[in-house]
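Below: the structure, in structure tokens.
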Amino acid sequence: MNFWNNPVQFISQWLTGVFAGWGMADWVASLLIQLIGVVVLASMMMVIDIFLVWVERKVVARFQDRLGPNRVGPFGLIQPFADIIKLLIKEDITPDGADRVVYNLAPIMSLMSVLLLWAIVPLAPVIFGVDLNVGALYIIAAGAIGTLSIIMAAWASNNKYALIGAFRQVAVLVSFEVPMIATLLIPTILARSMGMNDIVQAQDVWYILVVPLAAIIFMITAIAELGRTPFDLNEAESEIVAGFHIEYTGMKFGLFYAGELLHAFTFGGFWAILFLGGYRLFGLENLGPLVAAVILFAKALFGYWIIMWIKYTLLRIRIDHMLAFNWKFLTPLAFVLLMVVALMNAILPHNNMLVYVAGMLLSNILLGWIVIEILRVHSRRERERVEGKNQMIEVAHR
Amino acid sequence: MTLPQIFFLITAFVILGSALMVVTTRNLIHAALWLIVTLFGVAVLYALLNAGFLAVVQVVVYIGAIAILFIFAVMLTRKEMRDRGPQLNRGWWLSGVIAALTFGGLFWLLQAWSGFSKTAADFPSGFDAVGQLGNALVSPQAFVLPFEVASVLLLAALVGAVYVAFNRK
Amino acid sequence: MQNEWLYVGLFLVVGAIIPAAAIIVSWIISPKKPNPIKQSTYECGMETVGENWVQFKAQYYIFALVFLVFDVETVFLFPWAVALGKLSLFAVIEGIIFILILIAGLVYTWRKGMLEWV
């Protein structure tokens with residue numbers, strides 16, 4: 001067992017030896033090693049989170065034809081640290097009438113719900129926190145804690161805008177969770193497991209090539225789950241200023257912000273794991289677990305970049321349109337897709353990979369084409385209806 | 001005492017304590033939040049029993065959906081967040097006696113049951129618990145009828161909810 | 001007691017301690033000069049009028065209710081999806097019937113106009 005082939009096990013064996021040398025009981029040692037693993041993984045994500053601030057600001061600047069942070073350090077790389085110091089030394093204002101315990105608990109839970117997701121992310125075949133056999137549902141469960149933190153923050157701040165923002169956000173979150181669960185079922189069907197590592201291992205062909213529609217739906221629901229544009233009603237600044245975290249200042253606001261960025265990056269990572277083959281890249285992952293981890297992070301950044309691309313390109317959607325889009329379009333589509341995939345999975349031969357993938361892909365494309373045709377007919381009818389109404393108004397005015 | 005037993009005791013105390021807070025706190029939202037702690041504690045118990053699927057489902061359904069529904073309901077209906085009335089009614093001692101009797105009876109019954117002192121089953125490695133469950137849900141020898149009936153039941157619940165909400169408008 | 005859930009539990013604790021530490025550090029080093037105006041509830045620079053309580057649309061509740069039913073039903077589908085590879089066509093079709101009943105519920109709420117934001 002050497003370091004290059006399995007770094008985690010190498011270090012944990014070494015630590016076991018060290019702790020045994022100190023005369024520590026076996027179960028204490030194993031507990032301590034697990035704790036060290038958790039602390040290392042969680043703090044690594046926090047460090048990455050700090051750099052995500054820089055990435056986000058730099059990318060948005062480029063989208064808006066600006067330079068972005070470029071004064072502090074090379075390419076402005078020290079900027080996020082300056083931001084952190086600023087947030088730390090800002091006065092922490094608790095508004096009147098706030099429920100102090102809940103008010104302080106909400107930002108903690110918000111970041112915790114995101115960090116929890118990294119417990120199941122397989123960074124490499126042998127580097128993962130824990131390979132739960134209920135991984136897909138675990139994503140939803142962690143999201144539930146995040147939803148709760150939003151409503152707690154809003155209620156505890158005792159502010160109208162915060163409550164309105166939280167209500168909208170939670171309505172959107174719970175609505176888009178339905179198609180998200182349905183699309184999480186599709187990789188589960190294909191890989192015959194809910195475990196994230198199993199899903200990655202099963203992707204000899206990336207699932208985005210097998211079920212492209214599911215990948216698209218998952219991306220849309222992930223963006224809604226993040227509350228980013230075009231689904232950022234929770235902080236529609238022209239109406240409700242900042243939404244649920246309006247009364248938060250200093251580090252507590254910073255935690256919400258950091259949580260949002262890390263959440264976006266995390267969902268980029270899950271998108272990569274579920275549909276882009278995770279840490280696999282044409283056999284390159286066999287070079288070593290560290291290479292595989294780098295591949296996964298690169299893919300997660302790619303997913304994150306798509307999320308940013310959409311955020312800085314599109315406009316905000318009205319809440320009734322958003323919910324109608326979910327309940328009348330995404331949800332039925334996701335369930336029909338689920339049925340099609342289940343049926344095709346039963347019919348297509350599993351031993352012939354080419355036929356299997358081609359059949360799945362063709363059924364997906366066919367379904368997508370039908371959906372686009374239905375949408376086209378619907379929008380034509382809608383246009384005629386509106387135009388007819390306008391003509392009547394014109395006639396009435398004459 | 002073993003490590004799982006210690007975990008169990010801590011979790012049990014948290015569940016009971018938060019359940020007590022649910023019924024004694026006067027702030028309705030606080031009651032809902034304490035209820036969430038209770039439900040989360042139950043999820044931890046499932047995890048301690050090696051029932052990972054149930055633990056996750058407990059969090060997804062109870063915390064992710066039902067607790068949110070509770071909070072929405074409280075915020076939509078009550079203008080006043082505080083419960084002003086007395087917390088005990090006249091028959092409180094009667095319900096106390098009944099609760100104590102029920103608890104005593106259950107305790108007496110379960111004491112004699114051999115399954116009570118068992119530890120969590122250890123799965124052989126590679127045992128696909130979720131797959132087995134899925135198999136059982138749709139196999140004609142097992143639970144296919146309850147499975148389908150459950151979906152009809154949920155449909156009925158949805159229809160009922162829509163009907164009630166629709167009439168009120 | 002499986003080690004994987006212990007790990008998740010540890011992650012829960014550490015994940016809570018890290019942000020809590022950040023808040024505590026900022027609480028220690030940040031200035032504290034409260035005054036009534038600073039601490040008043042924010043409302044676009046005006047004084048807060050009335051209670052901090054607004055009436056919400058009942059529609060939020062309806063969506064949460066519909067979501068609850070869908071959530072419970074789709075959770076049932078996960079074990080089915082995991083076992084799907086080994087199941088007979090009959091069992092696959094059972095699952096599809098389950099989804100069809102689910103869709104029937106959606107169509108019903110749609111036709112009843114409960115999905116409209118009015």
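Here are the numbers for the structure shown:
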| item | result |
| --- | --- |
| Burial order of peptide ranges B:39-51, A:374-386, A:155-167 (average beta-carbon count within 10 Å, highest first) | A:155-167, B:39-51, A:374-386 |
| The range A:1-78 versus the range A:86-123: alpha-carbon centroid distance in Å | 20 Å |
| Share of pairwise Cα separations in the range A:238-322, more than 17 Å, in percent | 62 percent |
| Cα pair distances in chain A, grouped into 20 Å bins until the bin that holds the longest one, percent each | 23, 53, 22, 2, 0 |
| Number of partner chain Cβ atoms within 10 Å, mean per residue of C:101-108 | 6 |
| Under Karplus coefficients 6.51, -1.76 and 1.60, residue-wise ³J(HN,Hα) of the range A:15-20 in Hz, glycine/proline x | 5, 4, x, 4, 5, 4 |
| The protein assembly as shown: calculated mean residue ellipticity at 222 nm from DSSP helix runs of at least 4, using -39500 (n - 2.57) | -23500 deg cm²/dmol |
| Ranked packing of A:343-349, A:311-317, B:105-111, most packed first, by mean Cβ within 10 Å | A:343-349, A:311-317, B:105-111 |
| Mean-position separation - Cα centroids, the range C:66-118 and the range A:212-226, in angstrom | 19 Å |
| Global form of the range B:1-81, assessed from the alpha-carbon gyration tensor, a/c cut-off 1.5 | oblate |
| Entries of A:Lys252/A:Lys299; A:Lys328/C:Lys57; A:Lys58/A:Lys328; A:Lys252/C:Lys57; A:Lys90/A:Lys311 with Cα pairs more than 32 Å apart | A:Lys58/A:Lys328 |
| Where B:Thr2, A:Thr183 fall by accessible area, highest first, once all protein chains stay in place (1.4 Å) | B:Thr2, A:Thr183 |
| Accessible area per residue in Å² at 1.4 Å probe, computed on chain A | 41 Å² |
| For the protein assembly as shown, size of Cβ-based charge dipole, Lys and Arg +1, Asp and Glu -1, in debye | 1280 debye |
| Accessible surface buried once C binds A (1.4 Å probe; total of both sides; Å²) | 6600 Å² |
| For the range B:41-70 and the range B:85-99, distance of Cα centres in Å | 30 Å |
| 10 Å Cβ neighbours from other chains, averaged over peptide A:161-169 | 3 |
| ³J(HN,Hα), Karplus 6.51/-1.76/1.60, whole Hz, each residue of the range A:384-395, x for Gly, Pro | 4, 4, 5, 5, x, 4, 4, 4, 4, 4, 4, 4 |
| Whether chain B is rounded, prolate or oblate, judged on the alpha carbon gyration tensor where a/c under 1.5 counts as rounded | oblate |
| Spatial extent of the range A:117-242: Rg and Dmax, with the Cα atoms as the point set, Å | 16.9, 52 |
| Average other protein chain Cβ within 10 Å of Cβ, residues A:90-97 | 6 |
| Interface size B-C, as summed buried accessible area [1.4 Å probe, Å², nearest 100] | 4200 Å² |
| Loss of accessible area when B meets A, both sides summed, Å² nearest 100, probe 1.4 Å | 1900 Å² |
| Accessible carbon and sulfur surface of the range A:1-89 relative to its total accessible area, %, 1.4 Å | 71 percent |
| Per residue accessible area in Å² of the range B:1-81, where ligands, DNA and RNA are left out and the probe is 1.4 Å | 47 Å² |
| Gyration tensor (alpha-carbon) shape descriptor, the protein assembly as shown, a/c threshold 1.5 | rounded |
| ³J(HN,Hα), Karplus 6.51/-1.76/1.60, whole Hz, each residue of the range A:101-116, x for Gly, Pro | 5, 5, 4, 7, 6, 4, x, 4, 5, 4, 6, 4, 4, 6, 4, 4 |
| Interchain or long-range residues, amide H under 5 Å from A:Gly195's placed H | A:Gly135 |
| The range B:1-81, relative contact order [Cα under 8 Å, separation at least 6], % | 28 percent |
| When the convex hull of its Cα atoms is projected in every direction, mean area for the range A:348-398 (nm²) | 3.4 nm² |
| Highest to lowest packing among A:99-110, A:143-154, scored as the average C-beta count within 10 Å | A:143-154, A:99-110 |
| Relative contact order (percent, whole number), chain A, Cα cutoff 8 Å, 6+ residue spacing | 19 percent |
| In Å, descending, principal axis extents of the Cα set of the range A:264-398 | 77, 39, 20 |
| A:Phe75, B:Phe53, C:Phe70, A:Phe329, reordered so the largest accessible area comes first (probe 1.4 Å) | A:Phe75, A:Phe329, B:Phe53, C:Phe70 |
| Taking chain B and dividing mean pair separation by its residue count, relative contact order in percent (alpha carbons under 8 Å, at least six apart) | 17 percent |
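The values are calculated or read from the model by the stated rules, or taken from the named source; none is laboratory data. Just so it is clear, the structure is predicted and the values come from calculations on it, not from any experiment. We place every Cβ from the backbone using ideal geometry, glycine too, and count neighbours over all the protein chains shown. Please note that ligands, DNA and RNA were not included when accessible areas were found on the heavy atoms of the full protein model with its side chains. Shrake-Rupley method; radii C 1.70, N 1.55, O 1.52, S 1.80 Å.
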